[in-house]
Structures are given as structure tokens and as C-alpha cells.
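Notes to accompany the following structure.
The values are calculated or read from the model by the stated rules, or taken from the named source; none is laboratory data. Please read these numbers as outputs of a predicted model, since none were measured by experiment. As a convention, Cβ positions derive from the backbone with ideal geometry for all residues, glycine included, and neighbour counts pool all protein chains shown.
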């Protein structure tokens, strides 16, 4: 089986993001970039499925030349080869899904796995748009049912079941869990509790340096990639006021009534 996994380079969530003075975007100088955490989960699940069913895991990213570092990171986790769609300009889910559509048509995978969203813009639209372009079924927010297995046993097994041309996906819904069955080929987007991504080993890091990464200019795949969605302005959230202590309930009620005006 062939698994195609999308990977996005995002700002390190551990760093404090600063917005440019004109509000046009964030400050990118000296910002560290990492693999989108949801995409790491997708890569991990694809690796487990490949080991269970044999086959190939191909990872693909759309972005600047510097994003190759994140591709090499997931290749070090165990992915077989990479595809880098090069683009130096800002992109939105419409353009990204159009580029991925062309890649999927060429690679012809059985399963496309994606993180349910990217932590930089939180749009979460690319998977659904790609499924619509391909005319494939989709299973979103793949999670994993609770089980009595030990952590060691769970760490070896995929949370998604594939058999007889069908993918069985458990997903979180309001009030519980839902299991859906979707015919292959399929788009699956992954949620937080599906698995715990492995760390790249030293041998894996050394091997990743020699693995194939095919570069494709975005213009050759999508001649017209003009933005359909534009960010007009970014603003930092309002600073929260420091809390105060009150001596008794009566003072609290008074403040809620006259200062906060919520009563």
C-alpha cells in the first residue's frame, strides 16, 4: 500500500509570536520552525500502517526551500521519500489543495493522511478541499478508542484499521466516539489522541540525509495560484487585567454587579 502524508512547516509553538508593527504578519526573523504537530501524528500513523501492511510512505510539503528541513525530520522518523512543492509566496488552503491534487494524481496513493489542522492558522480546510477535488471519501479527526492494552502494546499498533479495501476510523464526536468505514482511496485527517509520534533515531537522521526529495515548482502544478483568502491584519489579544482578592462575599457581589456588570 502507498501512504501519502502532508507535512507543513510551522512556527515553534513554544516560542512567543510577535506581530509586525503594521499588523501585516508576524515577525519571522530568528523564528524556529518545526513540523506541524498534527502532521507528525499523521506521519506516525502512516508508518505504523505501512509496517502492518507493507508498502511505502511518501511525505509532501508545499512551501519555501527552508521547509526541506521539516521534510528531512519526518524522513528521519522512517518515511521512505519526500516531495517538495516549492513556493516563496503566501498560500491558502485553496492553492495548497490544488497543488496536492496534482501530486496525488501522479503518485496514486491508497491513503492520504493529513493533520486535521495547522497550528499557525488553524484553518483545517485543506483535507476537505482535497477530498472534494479528488472525489474521494474522507474521515476527519481520526482518534483512538480507549483500550485495556499497555502503553507498550498500543505504541506498536495503528489506531486506524485497513482491510478489504476499507478504512475503519474512530473519531471523537460530541458526547462520545464514532466509528466510520470508508472505501479506499481515502483522505484521513488525524487528531491529537490517535498516537504518540516517535523520536527520530540517530541512524534514522543519518539515513534521511540520503533519502530522495523531489522538488516541483508550484507554477508547474498550479499556474494560477492567486490567493482566494487574504489576511488583512493581525492584532494581539487584549491583555487580561490582573485579578484582585476580596475580603468577603458581599464585596464580591458588589464588584460583579457594579464593576463587571454581570449581575
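Summary of values
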{"item": "Single residue of segment 218-263 satisfying the filter (surrounded by 11 or more Cβ atoms within 10 Å (Cβ to Cβ) and touching a residue at least 12 places away in the same chain (Cβ under 8 Å)) that is farthest from residue 102 (Cα to Cα)", "result": "234"}
{"item": "Among residues of segment 93-123, those that are surrounded by fewer than 17 Cβ atoms within 10 Å (Cβ to Cβ), within 25 Å of residue 31 (Cβ to Cβ) and at pLDDT 95 or above, counted", "result": "0"}
